Amino acid sequence: MRLAELSRRSGIPTATIKYYLREGLLPPGRRVTATQAEYDDAHLQRLRLVRALIQVGGVPVASAREVLTALEDDSLDHNSRLGTAVWALPHGPEPSGDEVFQERAGRTVDALLARLGWNSAREYAAESPAHRMLVTAVAALARLGYPCTVEDLAPYARAGHQLAVTDLDLIERYESADEQLEAAVALTVLYEPVLLALRRIAQAQESHRRYGQRSTEE
């Protein structure tokens, strides 16, 4: 297909596609003339991933390029490519600089991972953006005086594990390794707002169950 058809099928303007090509987010098409190239379904699939990363996930162009580079790194095994790609996504605020609370939060998170038996997570803790994000979040909770002990965090971790099982089950619906990697990145970005919305809806439902009936009876 030519550029105009690629734009029509993807819903992305031609100017934006050209920008993605210049930035290396989209591989070049097969040159047919000095000024024209042809594209295929692989370009269409890549465009959908780039749009999910940048437009939906708010991933900066430089980070999106890192993700795509990881997807194409054949020197990594499937697990490593998956981890590298997902780790390149935005992972929340950086530490606030309050070292005392950061150190305490780090010990709490380490104890939580040990309690759960998440040994692989403990091995990669120093280089894991998700681990740093968790420590920063726990430090913020502690600094403001909210519950954040291992016992408080454990139910969230167990719920997170079940979500991870669901995530991988979805990803394995795709046949090839490359499709699974792209799905992992796209679904991580696209399902996070789904999880946030469902959590808030569930909170409203549970609040009504606990307190709504009581106020009606009164």
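The values are calculated or read from the model by the stated rules, or taken from the named source; none is laboratory data. None of these values were measured; they are calculated from a predicted model. Reconstructed Cβ throughout: ideal geometry from the backbone, glycine too, with neighbour counts over all protein chains shown. Only protein heavy atoms, including side chains, enter the accessible area calculation; ligands, DNA and RNA are left aside. Shrake-Rupley method; radii C 1.70, N 1.55, O 1.52, S 1.80 Å.
Quick one: with all protein chains in place, what share of the accessible area of the stretch 74-125 is carbon or sulfur, to the nearest percent (1.4 Å probe)? Carbon and sulfur together cover 50 percent of it. Within the chain, the whole DSSP H helices whose Cα atoms reach 20 Å or more along their own axis and whose mean Kyte-Doolittle score is at least 0.5 are 129-143. State the label only: which of (i) 16.6, 51; (ii) 21.5, 79; (iii) 18.3, 61 corresponds to Rg and Dmax of the Cα atoms in Å computed from the shown model? Only one listed value fits the structure, namely (ii).
If R0 is 25 Å, the Cβ-Cβ spacing of residue 201 and residue 168 corresponds to a FRET efficiency of close to 0.55.
Normalised per residue, the accessible area of the chain is 64 Å², obtained with a 1.4 Å probe and no contribution from ligands, DNA or RNA. When the Cα positions of 3, 60, 27 are compared along the charge dipole of the stretch 3-87, 3 comes out farthest toward the positive end, with charges on each C-beta of Lys, Arg, Asp and Glu. Compute the label zone of residue 143 within the stretch 77-121: residues whose backbone N is under 16 Å from the point 7 Å along Cα-to-Cβ. Output list for this probe position: 92-107.
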